[in-house]
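Novice: Starting off with a structure, shown below.
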Amino acid sequence: MVFSVGFETASTPVIKAVKNLFALGKVERGKVTYVETREVINTLMVIGGICSRKLGLTFVGRPLVSWGTQLAYKQIVALVEETEWKLKKREQKGQ
Amino acid sequence: MIFYYHCYRGAHLSCVAAALHLNRLQPSANVEEILSLEYFDVLQNPDMGVPVLAGYCHGNPVCFVGVGSGSKIFPRFADCLTKKMQVDLHYKSVDCLQCINLLTRIGGFISRFKGFKELGRNLAARGIHKNLDKIYALVLHAKGS
């Protein structure tokens, strides 16, 4: 299963808190891999996001975010490939 | 059932709530008693997300944790994840940030800086003392549900 979720600026403490909650409850079923995508965000995406979400100027924000996403596309692909590679390696180790 | 009290840094509100839950602090406690709590104003920003096991209440672990600005996001995410993964996890997350007041906010901010720690701690404790009834009501609600 693949999910996408928004954490605003609180991704680090929230993910850590959830991981610890699962550990405390001795949850073994289903391992979750958390991938931080904030590292590939560029200035265009930030400005576009603020215009669109905070200021409600979707006609300015959306094209800017789309443009920023196009520029960051290769980095996003690389991040996904890296995650897939890590998962494969983990599976091989587990077998 | 795991009781998970959370606030911004996990240093003041949630720490006091956990102490109230475990009867280590009475709802009639004074400022000095709040200040003498073991974990009061101890957790710092790098500790966010790391829960502290305050103790056990009828065999149920009682923890407090700082989740930064994610106090609304954390319970929503944890609930969704347990549902989607069909995980059998019984927990109660309690957002203590709803009991914050101006004094606690200012005290909590000031206590992070060297030289102002004592002043910040005192202000935060006074703010919490003012809202202790509210925090206790929150704890009772969590215990009851």
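Novice: Starting from residues that are within 14 Å of B:L13 (Cβ to Cβ), surrounded by fewer than 19 Cβ atoms within 10 Å (Cβ to Cβ) and in contact with a helix residue (DSSP H, G or I) (Cβ under 6 Å, 6 or more places away or on another chain), keep the ones in the range B:60-105 and report whichever is nearest to the other protein chains (Cβ to nearest Cβ).
Specialist: Among them, the one singled out is B:N101.
Novice: Mind listing whichever residues of the range B:44-59 are surrounded by fewer than 23 Cβ atoms within 10 Å (Cβ to Cβ) and either more than 11 Å from every other protein chain (Cβ to nearest Cβ) or more than 19 Å from A:A17 (Cβ to Cβ) (or both)?
Specialist: B:Q44, B:G55, B:Y56, B:C57, B:H58, B:G59
Novice: Of a type in the set (V, I, T) and within 15 Å of the chain's Cα centre (by Cα), is that true of A:V60?
Specialist: For A:V60, the condition - of a type in the set (V, I, T) and within 15 Å of the chain's Cα centre (by Cα) - is not met.
Novice: A:F7 fails exactly one of the following numbered conditions: (1) within 14 Å of chain B (Cβ to nearest Cβ); (2) in a helix (DSSP H, G or I); (3) buried (at least 18 other Cβ atoms within 10 Å of the Cβ). What is the number of that condition?
Specialist: With respect to (1) within 14 Å of chain B (Cβ to nearest Cβ); (2) in a helix (DSSP H, G or I); (3) buried (at least 18 other Cβ atoms within 10 Å of the Cβ), A:F7 is out only on (2).
Novice: Moving on. Is there any pair linking a residue in the range A:76-94 that is in contact (Cβ under 8 Å) with a residue 12 or more places away in the chain to one that is in a helix (DSSP H, G or I), with Cβ under 8 Å and at least six apart or on different chains, and which?
Specialist: Partner pairs satisfying both residue conditions: A:I76/A:V40; A:I76/A:T69; A:L79/A:E39; A:L79/A:V40.
Novice: Mind checking which residues of the range B:27-49 are without any contact (Cβ under 8 Å) to a residue 40 or more places away in the chain and not in a loop (DSSP other than H, G, I, E, B)?
Specialist: B:E32, B:E33, B:P46, B:D47
Novice: Going by the structure shown, is A:V2 surrounded by 10 or more Cβ atoms within 10 Å (Cβ to Cβ) and either hydrophobic (A, V, I, L, M, F, W, C) or within 14 Å of chain B (Cβ to nearest Cβ) (or both)?
Specialist: Answer is no for this residue.
Novice: Would a scan of the range B:95-116 turn up a residue that is in contact with a Pro (Cβ under 9 Å, 6 or more places away or on another chain) and outside any loop (DSSP other than H, G, I, E, B)?
Specialist: yes
Novice: Moving to a separate point now. Inspect all residues belonging to the range A:24-36 and state whether any of them is touching a residue at least 24 places away in the same chain (Cβ under 8 Å), within 14 Å of chain B (Cβ to nearest Cβ), closer than 23 Å to B:L81 by Cβ and charged (D, E, K, R).
Specialist: Yes - at least one qualifying residue is present in the range A:24-36.
Novice: Could you check how many residues of the range A:37-75 are among the small types (G, A, S) and touching a residue at least 24 places away in the same chain (Cβ under 8 Å)?
Specialist: Within the range A:37-75, residues that are among the small types (G, A, S) and touching a residue at least 24 places away in the same chain (Cβ under 8 Å) number 2.
Just so you know, all these numbers are worked out from the coordinates, no wet-lab data involved. Given the structure is predicted, the values throughout are model-derived calculations rather than measurements. Reconstructed Cβ throughout: ideal geometry from the backbone, glycine too, with neighbour counts over all protein chains shown.
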